[in-house]
Structures are given as C-alpha cells and as structure tokens.
Amino acid sequence: MTVKNIYMQFENILKHQYVDIEKTRSKLIAIKKDAVQAGQEFEYFRLICLNNLDHQHGIAIDYANRALIIAKEKKDFFLLEKINTELGFIAYNRGDLEKCMTYYLEVLKYAQSPRVINNIGAIFDDLGDMDEAYRYYKQAEEVFDDPENFRLLAIIYSNIGECETAFGNYDEAKRYLDLSRKEIRKFTDNDGTVYIFNALGDLALLQEKYDEAIEYYTKGEEYSKDEEILVYYQKFILNHARTLFQKGDLDKSKEKIELLFDKSNSYSFDTDIAEIHELLGKIADGKGQIEVANKHYKKYIDLIRRKDEISKKNRSESIKASIKISQLTVQLNKLSKMSRSDLLTKLGNRYALREYIENWSKIQSDSSIVIAVIDVDFFKSHNDTFGHSHGDACLAEVASILIKSLPKELGSVFRYGGDEFLMIIKDYAKDMAYEKLEEIRKKVENIESCGKSKKMNKKTITCSIGAVSIEKNSQQPFEELFDIADRALYISKEQGRNITTILDSK
C-alpha cells in the first residue's frame, strides 16, 4: 500500500464523512490493513476519525497527538492538515472556540481548505458577528475547488443563505438555500439535510410563515438520524418548538423540548439553558399550569442571573480571550492574503482574479486590453505517463515563462484552474498581442525538461491559447469577454491544439 493510495482512500472517505455515518464507519474499518501497511501515523489517523464519529473525543485527541509527532517529523502536510481539521472540529463541538481557531489556523499553513475557512465563518457566526461570518463563508465559496465534494458546497451555500436571512435579504437567502439543495441531490436521494431545512425553517419563521416553517423543520427531522451529533441540532429542535408554540400547538411544542432532553443523554447537549426554560414556562402558562410555569420562569431568571455573575467573575479572562481572538484574527488576515496566491506556481489564483476584476470598468477605461486563456495540452496524459510530481514541475515552468514574458506594469497572470492560466495584457494592439502569445506558445513548446511520451510519440507539453482583443473604453463585462476568449481557445483545440487564436471583442 503506497502513501499516495492511502491519501486517496482517506480523501474519498472524508469527503462524505457525515453523509452516512454508518457507511463512513464501515469504510474506515475496512481500510485498517491498508492504513497499518502505509505507516503507524495513518493507523492513528484512522482511529482519530473513528473515535470522533463515536463521540470518544478524549481518545481521538490522544491518537491525534501521537499522529502529529510522526507527521511533523516526516513533514507529511496531508496528515498535518487532516489531523488539525479533526482536532478543530472536536474543539468546536466542545465549545472551545479559541482552541478551535488555533487548530484551523494551523491547517491554513498547509492548505487553503474551503472546509476550514467555512468553519472559521461558523465560529464568528456563533460569536454573533454575522458580517465576519459572511466574509469567511463567501471566501470558502471562492476557494472551493473540488466539484465532487457536493456536501461541502451545500454546507457553504446554506451558511451564506443563513447570513442573507439574518441581513433581511430573503430572496437572496432563498436562492442560496435552493443552490444548497441542488448540491445535496447530487449525492443523495434526499431532498435536503437537517442544516438546510433548519435554515429554510428559520427563513420562514422570520417571515412569520409558521406553517411553512413547521413543514421544513418536520422534513429536517426525517433526515436527522446521522446529524444529531452536530452542534446546530439543538438550535434546530428549539426553533421547531418555538414555531409550534407560535402556532398555538402547545403539546407538540413541549414534545420537541422533551426530545431535546432525551437526546442530551446520548449527545453533549446542554439543556440547562435560559431559552428552554423560558419556552417551557410559556407553554405551562398557556395550559393554565401556574405552578409549573412559575418553576420554569424562576429557573429562567436564575440562569440569566448566573450568566451575569459568571460574566462578571470572568471579566478579566474574557478580556484576555478577546485579545487572543483579536491576535488570531490578525494572523488569519495574513493567511487570507496568502490564500490569493497559488502555492505551486506563486501566481494569483481565482480569488485574486476576482479581486482584480472588481475594478474592471476602470481597467478598461485606462487602456486597450487582451485577455488570454492558456491551456496545457493533454496534461492528464502527461500526468498518467510521468506522474503528478513531474507534472507539477512542468506547470511551474509554464508559469515561469508567463511571468517572465509579461512585466507587471503591462498586466497580470493568474492560475485559473489545474492546467489553465489566464493573462490580462494591457496596452497591446491585437497584432502585437498575437506575436506576444505566439512567443509564449513556442517557449512552452521548447521546454526540454518535460520529456516525450512514447505512447503519444510527441512532446507532452504544448499549449493552446485563446484570446480576445478589447479596445479602450469598451466597457464590456469581464464574464462576456472571458467567454469570447474561451471560444477562441476552443477554436485552437479544434484546429489541432498548440495553436494561438485571437478574436475581437465586438
């Protein structure tokens, strides 16, 4: 069992970690032999994942500490990323947000993980800072780069939808929640998940559409079996109970709260919170059960007072924690800037491109422009023949050619996808741009270090280029111009590849 193979096995299992917990558990059990053969650290990681699923967090942390020692010695960035992600998730479920943030920042040293960036948004969400939460959810959407990880994208869309709900943008919230459901349908026959139906229920509740909210909450409970371990389950059930109370269905409202108490025996839910006793008091009051109502109201007041006292006693610690969070946020902002750079080629990535084109109108008004899409030909075949490490080295060489061919003052270069680059060239007429792009194409064609494929009987590294020439003050949307460049690229490929095609924007 090679390390590469065990990486792939873990990647595929963890991609759908909470879609079907029993299936995930079975797959983790099934790869025990492979994990042991690959190395002790992989067996430790397998046990981390299993114990996390079984809520044995202490045991999971113990295995994590052992695995981290080995992974650091071997500089295994894959495991360092995955272990810290699991530790962050455990800390989050335990309510230790500061420790959770520390683990997630460690992850971002090794990879711009959209899952972790999304989870950082969830931390700010829990702290009540919806603006900051929204910023990270949107960044997670920007850096998302795994089209097969439907569940993660569904979660990101749902979280953005919840923020839009909080901001009062109900139409936009509904749009994102519908996108989330669309992603869910790609990997399951279900029409949604607990977190999506919770978000849809909350949206309907805020709009006082109580019947619709109850319908969504009820649907969510149908799929709740595998998701009760998640921290939002408590909020979901409590909101369902509140909606039933608003509808006047006191018995069903109380049933939901009793369900929460039942689940607290199996999961780490804290049911001794003010909001629950306030609602129980209102239900008893509505039924004319004055003594029961007073009992819960007293408990509610006691919990509020206790919370205030704890807040006063821990004021110093709270200030220290706030300073720590502030320091972590500064560190996170530094890492956020790093996230705009592709680690392999050092070029700007899609996130950097998105920021660049925010000023597209001004860029067009300042000069004539050429947008070029450079696609490495048959790159998959190259990887299959020579291996991914060699392929990465070749992509880095292509990137180096692009950077050297275009001084910064004359434009920018981005890595747009796996084997695709994008150039924005300023102050170049169409003919000049064609000559520049042909020069680049020939330099790529002449890269000697990337070898030849006997199977293909020719050099494996060539590139096809599609471009669009734009006159000054054209004021055409970037998306429209990119589509024209993409069409030019298609023409180059249709004509046999290793060709440059440039079209006019109008």
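Just a yes or no: is a residue in the stretch 55-71 among the charged types (D, E, K, R) and over 25 Å from Cys100 (Cβ atoms)? Scanning the stretch 55-71 turns up no residue that is among the charged types (D, E, K, R) and over 25 Å from Cys100 (Cβ atoms).
Residue pairs whose Cβ atoms lie under 6 Å apart, separated by 6 or more positions or on different chains, with the first residue in the stretch 109-122 and under 12 Å from Ile160 (Cα atoms) and the second among the aliphatic types (A, V, I, L, M), are Asn118/Ala140; Asn118/Ile156; Gly121/Ala133.
Table: residues versus (1) at pLDDT 90 or above; (2) under 19 Å from Leu80 (Cβ atoms); (3) crowded, with 19+ Cβ neighbours inside 10 Å.
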{"position": "Asn12", "(1), (2), (3)": "no, no, no"}
{"position": "Phe45", "(1), (2), (3)": "yes, yes, yes"}
{"position": "Ile61", "(1), (2), (3)": "yes, yes, no"}
{"position": "Ala64", "(1), (2), (3)": "yes, yes, yes"}
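All of (1) among the aliphatic types (A, V, I, L, M); (2) surrounded by 15 or more Cβ atoms within 10 Å (Cβ to Cβ); (3) more than 20 Å from Ile369 (Cβ to Cβ); (4) modelled with pLDDT under 95 hold for Ile499 with one exception: (4).
You will find that of Lys506, Lys472, the residue that is among the basic types (Lys, Arg), out of contact with any His (no Cβ under 7 Å at 6 or more places or on another chain) and free of Cβ contacts under 8 Å to residues at least 40 places away in the same chain is Lys506 and no other. So, Leu127, is that one among the hydrophobic types (A, V, I, L, M, F, W, C) and touching a Lys or Arg at 6+ places or on another chain (Cβ under 6 Å) or not? No, not satisfied. Selection of the stretch 406-435 for residues being buried (at least 19 other Cβ atoms within 10 Å of the Cβ) and of a type outside the set (Ser, Thr, Tyr) yields Leu406, Gly411, Val413, Phe414, Arg415, Asp419, Phe421, Leu422, Met423, Ile424, Ile425, Ala433. For Gly418, the conditions (1) modelled with pLDDT under 90; (2) closer than 23 Å to Leu344 by Cα; (3) in contact with a helix residue (DSSP H, G or I) (Cβ under 7 Å, 6 or more places away or on another chain) are fulfilled apart from (3). Take the residues in the stretch 69-89 that are surrounded by fewer than 22 Cβ atoms within 10 Å (Cβ to Cβ) and touching a helix residue (DSSP H, G or I) at 6+ places or on another chain (Cβ under 6 Å); name whichever of them is farthest from Leu14 (Cα to Cα). Once the filter is applied, the top-ranked residue is Ile70.
Counting only residues that are within 26 Å of the chain's Cα centre (by Cα) and either outside any loop (DSSP other than H, G, I, E, B) or of a type in the set (Lys, Arg) (or both), the stretch 48-62 holds 9 of them.
Every residue, every condition in (1) surrounded by fewer than 11 Cβ atoms within 10 Å (Cβ to Cβ); (2) more than 29 Å from Leu238 (Cα to Cα); (3) modelled with pLDDT of 70 or more, yes or no:
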{"position": "Val292", "(1), (2), (3)": "no, no, yes"}
{"position": "Lys298", "(1), (2), (3)": "no, no, yes"}
{"position": "Asp302", "(1), (2), (3)": "no, no, yes"}
{"position": "Asp308", "(1), (2), (3)": "yes, no, no"}
{"position": "Leu343", "(1), (2), (3)": "no, yes, yes"}
{"position": "Trp360", "(1), (2), (3)": "no, yes, yes"}
{"position": "Gln364", "(1), (2), (3)": "no, yes, yes"}
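Please state which of the following conditions Ser180 fails to meet, knowing it meets all the rest: (1) modelled with pLDDT under 85; (2) in contact with a Phe, Trp or Tyr (Cβ under 7 Å, 6 or more places away or on another chain); (3) under 30 Å from His57 (Cα atoms). All conditions are met except number (1).
A count restricted to the stretch 30-47 and to residues that are part of a helix (DSSP H, G or I) and either among the polar types (S, T, N, Q) or within 27 Å of the chain's Cα centre (by Cα) (or both) stands at 10.
Return the only residue of Ala199, Ala213 being modelled with pLDDT under 90, under 18 Å from the mean Cα position of the chain (by Cα) and within 16 Å of Arg242 (Cβ to Cβ).
Ala199
Scanning the stretch 140-151 for residues that are acidic (Asp, Glu) and crowded, with 17+ Cβ neighbours inside 10 Å, we see that the one that is farthest from the chain's Cα centre (by Cα) is Glu142.
Of the listed requirements (1) modelled with pLDDT under 90; (2) farther than 29 Å from Glu141 by Cα; (3) exposed (fewer than 14 other Cβ atoms within 10 Å of the Cβ), Ser389 misses just one: (2). Counting the residues of the stretch 183-207 that are touching a residue at least 12 places away in the same chain (Cβ under 8 Å) and surrounded by fewer than 16 Cβ atoms within 10 Å (Cβ to Cβ) gives 5. Among the residues of the stretch 259-274, those identified as in a helix (DSSP H, G or I) and either surrounded by fewer than 14 Cβ atoms within 10 Å (Cβ to Cβ) or at pLDDT 90 or above (or both) are Phe261, Asp262.
Identify the residue in the stretch 216-258 that is farther than 22 Å from Asp126 by Cα and in contact with a Phe, Trp or Tyr (Cβ under 6 Å, 6 or more places away or on another chain) and, among all such residues, is modelled with the highest pLDDT. Among them, the one singled out is Ser253.
Within the stretch 68-84, does at least one residue satisfy the condition of being modelled with pLDDT under 90, closer than 25 Å to Ala122 by Cα and among the acidic types (Asp, Glu)? Among the residues of the stretch 68-84, not one is modelled with pLDDT under 90, closer than 25 Å to Ala122 by Cα and among the acidic types (Asp, Glu), which makes the answer no. Taken over the stretch 462-506, the criterion of being within 15 Å of Tyr428 (Cβ to Cβ), among the hydroxyl-bearing types (Ser, Thr, Tyr) and outside any strand (DSSP E or B) is satisfied by Ser474, Ser505.
When every residue of the stretch 18-35 is checked against the conditions, at least one turns out to be farther than 22 Å from Glu148 by Cβ and buried (at least 18 other Cβ atoms within 10 Å of the Cβ). Selection over the stretch 105-116 of residues that are more than 18 Å from Glu11 (Cα to Cα) and within 15 Å of the chain's Cα centre (by Cα) gives a count of 1. Restricting attention to the stretch 123-134, the residues that are within 23 Å of Leu87 (Cα to Cα), buried (at least 20 other Cβ atoms within 10 Å of the Cβ) and not β-branched (Val, Ile, Thr) total 3. Tyr137 meets each of the listed conditions (1) of a type in the set (Ser, Thr, Tyr); (2) more than 24 Å from Tyr351 (Cβ to Cβ); (3) surrounded by 24 or more Cβ atoms within 10 Å (Cβ to Cβ); (4) out of contact with any Leu (no Cβ under 9 Å at 6 or more places or on another chain) apart from (2).
The values are calculated or read from the model by the stated rules, or taken from the named source; none is laboratory data. Note that the structure is a prediction, hence the values are computed from the model and not measured. Note that we place each Cβ from the backbone using ideal geometry, even for glycine, and neighbour counts take in every protein chain shown.
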